[in-house]
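Let me begin by presenting the structure, written as structure tokens, before commenting on it.
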Amino acid sequence: MQYSTSDFRKGLKVQIDGEPYIMTECNFVKPGKGNALYKCKLKNLIRGTNLDRTWRGGETLESADVEETDVQYLYKQGDTWVFMDNESFEQYELDADAVGDGWKFLKDGMKCMMTLFNGNPLDMTPPMQVEMEVTYCEPGAKGNTATNVTKPATIETGAEIQVPMFVNLGDVIKVDTRDGSYVERVKK
């Protein structure tokens, strides 16, 4: 499949020189005279390197042969995270670079989305929001419930996030995995 410059947008997965890239930024520029230009920033999905390219209006790019599949997180072994395809039961391993900060939100048995290129895993995306138990935090002082004051709290995966003062040890909270921010306290 081919993408024309009019299809260019953030998040588009394309193939350049046989390698998959994702567009992280795409700007349309119309100079005073001449063709329109599309200035794009791309990230290599295999190596993680960045690339700046400019295309003239009407040029095309080949779509990347990437596939998104549902996987289940199984366990961590050393510096490797192991996932299983829910349909074929095939197991995939990702290193710390591919998992990124996603490890902070992985619990055993959690469903995630994995990107594959030619059958090889590239990266993993956890669900947008997850429920985690607070395993350590300082007690909040009485009366600090109406302000935006936060404190550090450790969640069950070992990650530390900022939470409001009213959150206590043992509370279950909802966390946004995109930026690691507190969303709300979950009623039990």
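The values are calculated or read from the model by the stated rules, or taken from the named source; none is laboratory data. Just so it is clear, the model here is predicted, and its values are computed rather than measured. Cβ: placed from backbone, ideal geometry, glycine included. Neighbour counts: every protein chain shown. To get the accessible areas, we keep the full protein, side chains included, count just its heavy atoms, and leave off ligands, DNA and RNA. Shrake-Rupley method; radii C 1.70, N 1.55, O 1.52, S 1.80 Å.
Of note:
- Using a probe of 1.4 Å, the accessible surface attributed to D65 totals some 90 Å² when neighbouring protein chains are kept in position.
- Flagged links, alpha-carbon separation over 23 Å, of K43/K111; K41/K111; K10/K30; K13/K41; K76/K111: K43/K111; K41/K111
- Over segment 95-188, the reciprocal of the mean inverse Cα-Cα separation, the Kirkwood hydrodynamic radius, stands at 14.4 Å.
- Listed residues Y136, Y182 arranged by accessible area, highest first, probe 1.4 Å: Y136, Y182
- Solvent-accessible surface (1.4 angstrom probe) belonging to T150, in square angstrom, nearest 10: 80 Å²
- Surface share of carbon and sulfur [accessible, 1.4 angstrom probe, percent] for the chain: 45 percent
- A DSSP coil position with no more than 10 other Cβ atoms inside 10 Å describes the following trypsin sites (Lys or Arg not before Pro) in segment 47-154: R47, K142.
- The stretch between N118 and E25, if pulled fully straight at 0.36 nm per residue, gains 31.0 nm over its current Cα-Cα span.
- Cα gyration tensor shape of the chain, rounded if a/c is under 1.5, else prolate or oblate by comparing a/b with b/c: oblate
- Contact order for the chain, expressed relative to its length and based on alpha carbon pairs under 8 Å spaced 6+ residues apart, stands at 14 percent.
- Neighbour-limited loop hits for GluC sites (Glu not before Pro), segment 84-161 (at most 10 other Cβ within 10 Å; DSSP other than H, G, I, E, B): E87
- Ranking of K13, K187 by solvent-accessible surface, largest first: K187, K13 (1.4 Å probe, protein heavy atoms only, all chains present).
- Heavy-atom accessible surface of the chain, averaged per residue, reaches 60 Å², computed with a 1.4 Å probe.
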